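A.B. asks: Sharing a structure with you now.
The values are calculated or read from the model by the stated rules, or taken from the named source; none is laboratory data. What you are looking at is a predicted structure, and each value in this text was computed from that prediction instead of being measured. In this analysis, Cβ positions are derived from the backbone assuming ideal geometry, glycine residues included, and neighbour counts consider all displayed protein chains.
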Amino acid sequence: MTAVQPTLGAGERALRDRARQVIPGGMYGHMNVAAFSAAHPQFMVSGNGATVVDADGREYLDLMCSWGPMILGHGHPTVTAAITEQLRHGDCLDGTSPVAVEYAELLVDTIPSADWALFCKNGSDAVTTCVTTARAATGRRKVLVARGAYHGAVPWCALRGEGITESDQAHLIHYEYNDLGSAEAAAAEAGDDLAAIVVCPMRHDVKRDQELVDPAFARGLRTLADRTGAVLVLDDVRCTHRLDLGGSWEPLGVRPDLAAYSKPLANGQPLGAVTGSDALRDAVGSIYVTGSFWTGAVPLAAGLATLTELRRGEALPVMERAGQRLRDGLAAQALTHGFGIHQSGPVQMPMLSFTGDENFRLATAWAEAAALRGVYLHPWHNWFLSAAHTDEVIDDILQRTDGAFAALR
């Protein structure tokens, strides 16, 4: 198999050269494309609906949705209008904008487990606030987390990186996702010092197939938290609003004590939220969490507009239909071209892997071939669908991915 040769344009190359002089590594974090591709552009200049445009004017059909935030599509007119209108009045003010109250009321009305809502800027903020609240409420320290699960880029839970000390994660105890026995054993290890059980709605670790939650596991964690007096925290950051507006475990009848949300809350604006039960109202009020921009009015107005649009009931069925259409089409293409693939996770948040491709060599080459044909997707991270992914968009994507499979063969 011949490696994909970079075909980056002059604008992209110039920006990378400039970035290397003033940004460590040229770019950082999970959006550093050099970590997973030789063909994907690092810099984007615009987006509209289900498309993005790079620094050389090349257009891509977008299956990453900015790694999750775009749930209605880039530049959605209703959200853009809300942002523009709020900017007329102000964003970062001396006091909180009234839109915060209106948006909190709508969240509480939408999420059955929520009696209150607290706003922040991102998923790391939200999950950390949940853990701090749980410790304040219980007076305990230990926190159970699934092995390999991502809960944020902060020392208490970071999966990798220098600068993290043993003491930062001294009170974490790991269990295996969907293994209730291992969670019970972890709780036993924590003993009477168990403050919280943190869990994602599904297993979405990178570089492995996604795994939907076993309903018995979800119910078992709820029972375990009730029995031990621990706080059940649902890290709904990545899945926010895409599976169910009431919370990703609401269809299972399992409600958390605290939940963390972010990514698509405001369709691309920086916003996170924590919701919780009345039993934890005093605890969350007792902790000190804040930021100068946490109650910025523009993201809150965007969040209000996004949720209002989602509550109309049209977006989630569009994403589900688009995801199934994409999944069926990719399965047929792989069969035609003689590749074994596995598609995992909910169709709104798909992931594709190749059979036996443990080092993701095939997946990377295929993703690069797709990028060269104008489809932006990732070789070992789940993708995201939005309400802008119409049948026509999916059919256009499939025409191009068919070419990627042919090139890979």
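A.B. asks: Which residues, counting only those in region 365-407, are surrounded by fewer than 21 Cβ atoms within 10 Å (Cβ to Cβ) and closer than 17 Å to THR7 by Cβ?
C.D. replies: ALA369, LEU372, ARG373, GLY374, ARG400, GLY403, ALA407
A.B. asks: When you look at GLY329, is it out of contact with any strand residue (DSSP E or B) (no Cβ under 7 Å at 6 or more places or on another chain) and either surrounded by fewer than 20 Cβ atoms within 10 Å (Cβ to Cβ) or outside the structural domain of ALA81 (by TED's automatic domain parsing) (or both), yes or no?
C.D. replies: Taking the combined requirement at face value, the residue satisfies it.
A.B. asks: Only residues that are in a helix (DSSP H, G or I) and surrounded by fewer than 18 Cβ atoms within 10 Å (Cβ to Cβ): list them for region 298-315, please.
C.D. replies: THR308
A.B. asks: Show me the strands (runs of 3 or more DSSP E) found entirely inside region 162-255 where at least 1 residues are touching a Leu at 6+ places or on another chain (Cβ under 9 Å) and without any contact (Cβ under 8 Å) to a residue 40 or more places away in the chain.
C.D. replies: Here the list reads 172-175, 231-235.
A.B. asks: Suppose the filter is in the same structural domain as GLY303 (by TED's automatic domain parsing) and under 18 Å from HIS204 (Cα atoms); does ALA158 pass it?
C.D. replies: Yes; evaluated as a whole, the condition is true for this residue.
A.B. asks: Looking at the structure I just gave you, is ALA114 touching a residue at least 40 places away in the same chain (Cβ under 8 Å), among the hydrophobic types (A, V, I, L, M, F, W, C) and out of contact with any Lys or Arg (no Cβ under 9 Å at 6 or more places or on another chain)?
C.D. replies: Taking the combined requirement at face value, the residue satisfies it.
A.B. asks: Still on this structure, please answer the following. Looking at (1) out of contact with any Phe, Trp or Tyr (no Cβ under 6 Å at 6 or more places or on another chain); (2) on the phi < 0 side of the Ramachandran plot, can you tell me which one GLY191 breaks?
C.D. replies: Against the list (1) out of contact with any Phe, Trp or Tyr (no Cβ under 6 Å at 6 or more places or on another chain); (2) on the phi < 0 side of the Ramachandran plot, GLY191 comes up short only on (2).
A.B. asks: Right, here's the next one. Can you pull out every residue in region 161-180 that is charged (D, E, K, R) and touching a Phe, Trp or Tyr at 6+ places or on another chain (Cβ under 8 Å)?
C.D. replies: ASP168, ASP179
A.B. asks: If you take the residues of region 208-249 that are within 14 Å of MET349 (Cβ to Cβ) and hydrophobic (A, V, I, L, M, F, W, C), which of them is surrounded by the fewest Cβ atoms within 10 Å (Cβ to Cβ)?
C.D. replies: LEU212
A.B. asks: Looking at the structure I just gave you, is SER248 in contact with a Pro (Cβ under 8 Å, 6 or more places away or on another chain), of a type in the set (Gly, Ala, Ser) and in the same structural domain as VAL108 (by TED's automatic domain parsing)?
C.D. replies: yes
A.B. asks: Has region 368-391 got any residue that is of a type in the set (Asp, Glu), at negative phi and modelled with pLDDT under 95?
C.D. replies: no
A.B. asks: May I ask you to list the residues in region 359-401 that are of a type in the set (A, V, I, L, M), touching a helix residue (DSSP H, G or I) at 6+ places or on another chain (Cβ under 7 Å) and in a loop (DSSP other than H, G, I, E, B)?
C.D. replies: LEU377, LEU385, ALA387, listed by residue number.
A.B. asks: Okay, moving on. Going by what's in this entry, would PHE339 be described as on the phi > 0 side of the Ramachandran plot, out of contact with any helix residue (DSSP H, G or I) (no Cβ under 6 Å at 6 or more places or on another chain), in contact (Cβ under 8 Å) with a residue 60 or more places away in the chain and not assigned by TED's automatic domain parsing to the domain that holds ARG208?
C.D. replies: It is false that PHE339 is on the phi > 0 side of the Ramachandran plot, out of contact with any helix residue (DSSP H, G or I) (no Cβ under 6 Å at 6 or more places or on another chain), in contact (Cβ under 8 Å) with a residue 60 or more places away in the chain and not assigned by TED's automatic domain parsing to the domain that holds ARG208.
A.B. asks: Turning to a different aspect of this structure: Within region 122-143, which residues are within 16 Å of the chain's Cα centre (by Cα) and in a loop (DSSP other than H, G, I, E, B)?
C.D. replies: Of everything in region 122-143, just one residue is within 16 Å of the chain's Cα centre (by Cα) and in a loop (DSSP other than H, G, I, E, B), namely ASN122.
A.B. asks: Which members of region 257-277 meet the condition of being surrounded by 24 or more Cβ atoms within 10 Å (Cβ to Cβ) and either in contact with a Pro (Cβ under 9 Å, 6 or more places away or on another chain) or β-branched (Val, Ile, Thr) (or both)?
C.D. replies: Within region 257-277, SER262, LYS263, PRO264, LEU265, ALA266, ASN267, GLY268, LEU271, VAL274, THR275, GLY276 qualify.
A.B. asks: Can you tell me which residue is farthest from GLY68 (Cα to Cα) among those in region 366-409 that are of a type in the set (Lys, Arg) and touching a residue at least 40 places away in the same chain (Cβ under 8 Å)?
C.D. replies: Applying the filter and picking the extreme gives ARG409.
A.B. asks: Here's something else I'd like to know. Looking at TYR103, is it aromatic (Phe, Trp, Tyr) and touching a helix residue (DSSP H, G or I) at 6+ places or on another chain (Cβ under 6 Å)?
C.D. replies: The answer is yes for TYR103.
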